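These notes concern the structure reproduced below.
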Amino acid sequence: MATILCLETATTNCSVTLSIDGSVIAFREDDSAGYSHAEKLHVFIADVLKEASVTMENLDAIAVSKGPGSYTGLRIGVSAAKGLCYALDIPLISIPTLTLLAEKVSEKGIIIPMIDARRMEVYSAVFSSERKQIRETKAEILTETSFKEYASEAKIICIGNGVTKFKEICQWTTVVFMENIQPSSKEMALIAENKYKKNDTEDVAYFEPYYLKDFKVG
């Protein structure tokens, strides 16, 4: 049974969960229009530990959303996670951000999580009904015929803050749009527990977020 602190900061949502044995014990998040991560992340960490009567020394691992997503958000989350792992000498677990979005879908169908990457571009991947990834994660510019290879499927479920862009131009009638939904640390709990049991962890010294694209100012 592991006690794991889960951090999700890849989008505007600053989200922290404390999980024990894969179950959510305490949870805080704030999805403000602007990025509140620098101000809220460590406050939320202290809040969930206090609510669960758990100390830092009780933690067995830190889990962090690895990206893709906001450069600044990812940098803040990963820096915090690595700092805690160094200080406490505990393992670091990383979880792909698009996997967390796919985990929010309970319906059957092809799942396409999308994170806004500015203009008409999104970070996306494709998952089966069983939430197994069946197409690689990539940055892509949306067009009317995006994801046409899945158009014959009975249902396509698009989820995330990049979905609104696709809804405006999508030609496929089998698509369900789950708009304005952000990845959350809640979905990290069970995944992190399973990774911990398998010793599927990162090298704290060398781990970097999965930015997918180079950071550009402006």
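Read-outs throughout are calculated quantities, based only on the coordinates presented, and are distinct from any laboratory measurement. A quick note: this is a predicted structure, and the numbers were derived from the prediction, not measured. All Cβ positions, glycine included, derive from the backbone under ideal geometry; neighbour counts span all protein chains shown.
Once amide H atoms are built 1.01 Å from N in the peptide plane, which residues 5 or more positions from SER94, or in another chain, come under 5 Å H to H?
Residues meeting the criterion, in which the H sits 1.01 Å from N, are VAL64, GLU202.
Name the long-range amide H neighbours of LYS155: under 5 Å, sequence gap of 5 or more, or other chain; modelled H, no Pro or chain starts.
Residues meeting the criterion, in which the H sits 1.01 Å from N, are ILE110.
According to the Kirkwood expression over distinct Cα-Cα pairs, how big is the hydrodynamic radius of the chain, in Å?
Kirkwood hydrodynamic radius for the chain: 17.6 Å.
Taking amide hydrogens as modeled 1.01 Å from N in the peptide plane, which residues meet the under 5 Å criterion relative to ILE25, leaving out close sequence neighbours?
HN-HN under 5 Å from ILE25: LEU18, SER19, ILE20.
Can you give me the relative contact order of the chain as a percent, contacts being Cα pairs under 8 Å and 6 or more apart?
Once divided by the residue count of the chain, the mean separation gives 24 percent.
Past 25 Å, Cα to Cα, is the threshold; run LYS108/LYS148; LYS165/LYS195; LYS148/LYS186; LYS132/LYS195 against it and keep the listed order.
LYS165/LYS195; LYS148/LYS186
Quick one: dipole size for the chain, taken about the Cα centre, charges +1 on Lys/Arg Cβ and -1 on Asp/Glu Cβ, in debye to the nearest 20.
With Lys and Arg at +1 and Asp and Glu at -1, about 440 debye.
In percent, what relative contact order does segment 105-179 have, based on Cα pairs under 8 Å that are 6 or more apart in sequence?
Worked out over segment 105-179, it gives 32 percent.
Please return the longest range in the chain lying between exposed loop sites, taking GluC sites (Glu not before Pro), DSSP loop only, at most 11 other beta-carbon atoms within 10 Å, and leaving the sites out.
Here the longest segment lacking exposed loop sites spans 1-106.
Mind listing the phi-derived Karplus ³J(HN,Hα) values for segment 92-97, rounded to whole Hz, using 6.51, -1.76 and 1.60 with θ = phi - 60°, and x for any glycine or proline?
10, 10, 10, 9, x, 4
Arrange the following residues from fewest to most other Cβ atoms within 10 Å of their Cβ: ASP200, ASP47.
Starting with the residue having the fewest Cβ neighbours, the order is ASP200, ASP47.
From the phi of every residue in segment 33-39, what ³J(HN,Hα) in whole Hz does the Karplus formula 6.51 cos²θ - 1.76 cosθ + 1.60 yield, where θ is phi - 60° and glycine or proline is x?
These are the phi-based 3J(HN,Hα) values: 4, x, 7, 9, 4, 4, 7 Hz.
Using +1 at the C-beta of Lys and Arg and -1 at the C-beta of Asp and Glu, which of HIS42, SER32, ILE76 has the Cα lying farthest in the positive direction of the dipole of segment 19-89?
Value computed over the given set: ILE76.
Tilt of helix 188-197 relative to the longest C-alpha principal axis of the chain, in degrees (0 to 90, nearest 10)?
On a 0 to 90 degree scale, this one is about 60.
Kindly write out, for segment 108-120 in residue order, the coupling ³J(HN,Hα) from the Karplus curve 6.51 cos²θ - 1.76 cosθ + 1.60 (θ = phi - 60°), rounded to whole Hz, with x marking Gly and Pro.
Those phi angles translate into 7, x, 5, 10, 10, x, 9, 10, 4, 10, 6, 6, 9 Hz.
Set the bar at 21 Å for Cα to Cα. Now go through LYS66/LYS198; LYS138/LYS213; LYS40/LYS138; LYS66/LYS138 and name every pair that lies beyond it.
LYS40/LYS138
If you fit an axis through the alpha-carbon atoms of helix 71-88 and take the longest principal axis of the Cα set of the chain, what angle between them do you get, 0 to 90°, nearest 10?
Result, in degrees: 30.
Hey, what's the Cα Rg ratio for segment 61-135 versus the globular rule of thumb, 2.2 N^0.38 Å?
Computed over Cα atoms of segment 61-135, the ratio equals 1.27.
State, to one decimal in nm, how far the label point of ASP47 lies from the label point of LYS132, with both points 7 Å from Cα in the Cβ direction.
3.8 nm
For the chain, what is the calculated [θ] at 222 nm in deg cm²/dmol (nearest 500), taking -39500 (n - 2.57) for each run of four or more DSSP H residues and dividing by its residue count?
Estimated from H runs of four or more residues: -8000 deg cm²/dmol.
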